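Quick notes on the structure that follows.
None of the figures in this text is laboratory data; all of them are computed from the coordinates on show. Being a predicted model, the structure only gives us computed values, none of them experimental. Don't worry about glycine lacking a Cβ; one is built from the backbone with ideal geometry, like all the others, and counts go over all protein chains shown.
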Amino acid sequence: MLRKWVPLLAASTLVLAACGGGDDEAASGGSGGGSGELRQVTAGLLPVAVTGALQGGIEQGFFEDRGIEVTIETGQGGAALLPAVASGEMQFATSNPVSLLQARDQGLDVRVVGHWTSTHAEGEDVNGVVADKDSGITSAAGLAGKRIAVNTLNGMGQLTIDEAVRQDGGDPSGIQYVELGFPDMPAALEAGNVDAVWVPEPFLSQLIAAGHPVASYSSQESVPGHPTQLFFTSGQLVESDPQLVEDFTAALEETLEWADANPDAVRTEAEEFLQTPAGSMANVRIEEFGTDLRREQIEQMGELMVDAGLLDNDPDIDGLLPEE
């Protein structure tokens, strides 16, 4: 099942949203699914290529086999999806480690249930900073002092770009970041409203094909192979309906294994999900799936966040990640 969604809640409402309880029974459709009726679950994801993997998992029957019917809704960024999960409007969503650690730092009880996607540690990556083809920007250091679009201010894009610029000998302090949704970034770059954009697939391949150069694979140049998205839920749902969380996580792991083994099928599902022409994503780069949470890389990102002043406390990685 698929339903598009435009989030009305801003990331600044995180702590307020944490006070919302939501209706446990309505959220999960009842505990355990023992009645034979499918439990209704809403999952929030980004409007990007890899979301096709969840659509594929649904169509493969992994969730239905465990008594779950999933509706996919989309949001601009992981930070925007956090309040919806905290309030019970959604039961699960994906977000990046930066937004999740920030949420824990602000007292929001969000908990990771599984890995979703990660960048490639080497070679052509699945997200990057693409510069205007007439800008002359060809390296991370060249981004210093420029105007760059990211999907969430003070999020993963900004953190990794700043570190990539530093690693390349540049000074990131003068970069002006602009918050835009991924679908709006190509037009902003073409119009000259920004000097560069930080984009995932399918927008990365589309911009490269249009002649715009990759200035930096910032994820790879800061924390190689780090998770880009993790599936999470609220602590309240973990406590109130552990069976639902367990069943969803098991179906998610099957989905991850299927996605790793069927990248072309993920591309096809993404075309349908994003309503793009058939074959338009045949050459897009697909992120790494798998079930490894990549704790070491998350710890590295936490250290960068402390250095950047994005956390008031030490990163609460133990509270965020499930026990291994």
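Projected area of region 127-220, taken from the Cα convex hull and averaged over every viewing direction, in nm²?
Approximately 4.9 nm², given one-decimal rounding.
State the antiparallel share, in %, of DSSP beta bridges confined to region 127-220, rounding to the nearest 5. Working shown, then result.
On the way: 7 of 13 bridges.
In region 127-220, approximately 55 percent of DSSP beta bridges are antiparallel ones.
Angle check, please: helix 263-273 long axis (alpha carbons) against the longest principal axis of the chain (alpha carbons), in degrees 0 to 90, nearest 10.
80 degrees
Give the relative contact order (percent, whole number) for the chain; include only Cα pairs under 8 Å separated by 6+ residues. Show your work: numbers first, answer last.
Details: 715 pairs, mean separation 84.5, N = 324.
This gives 26 percent for the chain.
So, in Å, what gap is there between the alpha-carbon centers of region 171-211 and region 89-144?
14 Å
Restrict the search to region 75-142; then list the trypsin sites (Lys or Arg not before Pro) that DSSP places in a loop and that have at most 15 other Cβ atoms within 10 Å of their Cβ. Working shown, then result.
On the way: sites: 104, 111, 133; in loops: 133.
The qualifying sites are 133.
Using only Cα atoms, what Kirkwood radius does the chain have, in angstroms? Can you show the working numbers first?
On the way: mean 1/r = 0.0506 Å⁻¹.
For the chain, the Kirkwood estimate is 19.7 Å.
For region 100-152, just run the numbers: alpha carbon Rg, then divide by 2.2 N^0.38 Å, N being how many residues it has. Numbers along the way, then the final one.
Details: Rg = 16.3 Å, N = 53, 2.2 N^0.38 = 9.9 Å.
After normalising by residue count via 2.2 N^0.38 Å, the value is 1.64.
What does the charge add up to near residue 191, with Lys and Arg as +1, Asp and Glu as -1, over the other residues with Cβ less than 11 Å from its Cβ? Can you show the working numbers first?
Details: positive: none; negative: 132, 184, 190.
Neighbourhood net charge equals -3.
Among bridges DSSP assigns within the chain, what percent are antiparallel (round to 5)?
Values: 18 of 34 bridges.
Just about 55 percent of them are antiparallel.
Which percent of the Cα-Cα distances in region 50-190 go past 21 Å? Display every interim value, and only then the final one.
Numbers: 5290 of 9870 pairs.
Considering region 50-190, 54 percent of its Cα-Cα pairs are separated by more than 21 Å.
Starting with the fewest neighbours, write out 234, 87, 118 ranked by other beta-carbon atoms found within 10 Å of each beta-carbon. Numbers along the way, then the final one.
Working: 234 28, 87 19, 118 23.
Lowest count first: 87, 118, 234.
What angle do you read, to the nearest 10 degrees and between 0 and 90, between the alpha-carbon axis of helix 295-308 and the longest principal axis of the chain?
60 degrees
Using a Förster distance of 22 angstrom, determine the FRET efficiency expected from the C-beta separation of residue 239 and residue 323, and round it to 0.05. Provide the component values of the computation, followed by the final result.
On the way: r = 15 Å, r/R0 = 0.69.
Using R0 = 22 Å, I get an efficiency of 0.90.
Extending each Cα 7 Å along its Cβ direction at residue 261 and residue 176, get the distance between those two points in nm, one decimal.
For the pair residue 261/residue 176, the computed spacing is 5.1 nm.
Please give, to one decimal in nm, the separation of the simple spin-label points placed at residue 134 and residue 291, each 7 Å out from Cα toward the Cβ.
Output for this residue pair reads 5.2 nm.
Quick check on the chain: helices-only [θ] at 222 nm, where DSSP H runs of length 4 and up contribute -39,500 (n - 2.57) each and the sum goes over total residues. Nearest 500, please.
-10500 deg cm²/dmol
With springs connecting C-alpha atoms under 10 Å apart, model the chain as a Gaussian network and identify which of 247, 260, 312 has the largest mean-square fluctuation.
With Cα springs under 10 Å in the chain, the top fluctuation among 247, 260, 312 is at 312.
Evaluate the relative contact order of region 127-220 (contact order divided by residue number), counting alpha-carbon pairs under 8 angstrom at least 6 apart; express in whole percent. Write down the numbers at each step before the final one.
Working: 193 pairs, mean separation 47.3, N = 94.
Value for region 127-220: 50 percent.
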